[in-house]
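*Asks:* Here it is: the structure, laid out below.
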Amino acid sequence: MADQRRFRFKPELFTAVREGRAYDLASGWWPGMPVASAHPPFQVHTYRTPGGMRAEDLFPYAQGSNKENYAFISEVISTTSHAGTHIDALCHVTAGEDDSWFGGRSAHEYLGDFGPLRDDASDFSPFMARGILLDVAGALGVERMAPGQPIGPDELDAALAFCGVSLSPGDVVLLRTGFMADWPDPELMGSSEQPGLSLDGAAWLRRHGPLLVGADNTSLEVSPSLVDGEPQPVHRYLIRTHGLPILEWVYLEDLAADKAFEFLFLALPLNIRGATGSLVRPVALV
């Protein structure tokens, strides 16, 4: 497990924050929220209640011995680490006859009873980097891109020009399709056809050396996403082949409305051993 208590960042990043505005880029989480169909639902269950704690077997909370009538309320949260705004860990995607993830680590060897033994969410460091919003929908002159519309090199070049930014190694690059303008509409969020990144668009982005790539749709890549009949080529290319984690379901509407295309990006993944990703609440500071 990586040592998360010490990490490096560029102090000059904070000097770029001039206006004192912060944007919450997270979806929020609640029972019944939209979740990709392949994953279990998000749920909150009450575990302890005042009445339930005052049973006779829960001394000193039981009635009679508890004159102040003290109690507390707690809960059980049941979820996948891929609900709402989240980051995919490198162990999330496997392929090949040995079901291996990035680095050639086979699930037959490195998947334990309590999750993957390497490259899990506990390996994430906090993310502090220059953030760039590429408003692809804005560049195309639409509120939201069409279902199944891909983002390739031409669309990315257009977004760079529209937003007036350039990319540097180590940036966090976020793509806006407009998909989350109607968040959390369950029918739209559950659609099997969504705009998103194509494989050639992913190769274009990787050449710029980003630290992290994200988008405002369910799976970053265009959906349906097939190359030579094989599913999710962008996931395989970025995560499994090149070890580049990705963010999904990032809320970008407010950033785009204010034309805040360059910012300080902060995100603190949950350091959960054995998790294949992390719920995350990223913020953009301008």
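Rule-based calculations on the coordinates, nothing more; no lab input. In this text the structure is predicted, and so the values were computed from the model without any measurement. Heads up, the Cβs are rebuilt from the backbone with ideal geometry, glycines too, and the neighbour counts pull from every protein chain shown.
*Asks:* For the chain, what does -39500 (n - 2.57) per DSSP helix run (n ≥ 4), summed and divided by total residues, give at 222 nm, in deg cm²/dmol to the nearest 500?
*Replies:* -3000 deg cm²/dmol
*Asks:* May I ask for the net charge around residue 219, where only other residues with Cβ less than 10 Å from the Cβ of residue 219 are counted and Lys, Arg are +1 while Asp, Glu are -1?
*Replies:* Numbers: positive: none; negative: 88, 221, 248.
Cβ neighbours under 10 Å give a net charge of -3.
*Asks:* Can you figure out the FRET efficiency of residue 9 with residue 67, using R₀ = 45 Å and their beta-carbon distance, to the nearest 0.05?
*Replies:* 0.30
*Asks:* Right, something else. Given axes a ≥ b ≥ c from the Cα gyration tensor, I'd like to know whether the range 123-194 is rounded (a/c under 1.5), prolate (a/b larger than b/c) or oblate. Before the final figure, lay out the partial values.
*Replies:* Working: a/c = 2.29, a/b = 1.28, b/c = 1.79.
Cα axes put the range 123-194 in the oblate bin.
*Asks:* Additional query: Starting with the fewest neighbours, write out 102, 263 ranked by other beta-carbon atoms found within 10 Å of each beta-carbon. Write down the numbers at each step before the final one.
*Replies:* Working: 102 21, 263 26.
If I rank by nearby Cβ atoms, fewest first, I get 102, 263.
*Asks:* Counting only DSSP beta bridges with both residues in the chain, tell me the antiparallel percent, nearest 5.
*Replies:* Values: 30 of 44 bridges.
Rounded to the nearest five, the antiparallel share is 70 percent.
*Asks:* In what order do 6, 176 fall by count of nearby beta-carbon atoms within 10 Å, going from fewest to most?
*Replies:* 6, 176
*Asks:* Below 8 Å, C-alpha to C-alpha, sequence gap of six or more: please give me the relative contact order for the chain in percent.
*Replies:* 28
*Asks:* Once each part is reduced to its C-alpha centroid, what is the distance from the range 165-228 to the range 245-264 in angstrom?
*Replies:* Cα centroid of the range 165-228 versus Cα centroid of the range 245-264: 12 Å apart.
*Asks:* Along the Cα→Cβ direction, 7 angstrom out, place labels at residue 57 and residue 268. What is the inter-label distance in nm?
*Replies:* For residue 57 paired with residue 268, the spin-label model returns 3.8 nm.
*Asks:* If I build a Gaussian network model for the chain, linking alpha-carbon pairs within less than 10 angstrom, which residue out of 63, 232, 194 has the largest mean-square fluctuation?
*Replies:* For the chain, modelled as a Gaussian network with Cα springs under 10 Å, the answer is 63.
*Asks:* Given [x] 73, 51, 43; [y] 55, 44, 38; [z] 54, 44, 41, which label gives Cα extents along the principal axes in Å as computed from the coordinates?
*Replies:* Answer label, from the structure shown: [x].
*Asks:* Okay, next question. Residue 117 to residue 257: FRET efficiency via 1/(1 + (r/R0)^6), r the Cβ-Cβ distance, R0 30 Å, to the nearest 0.05? If you can, show how the numbers build up before the last one.
*Replies:* On the way: r = 43 Å, r/R0 = 1.45.
Result of the calculation: an efficiency of 0.10.
*Asks:* Quick one: 253, 143, 248, fewest Cβ neighbours within 10 Å first, how do they rank?
*Replies:* By the 10 Å Cβ count, ascending: 143, 253, 248.
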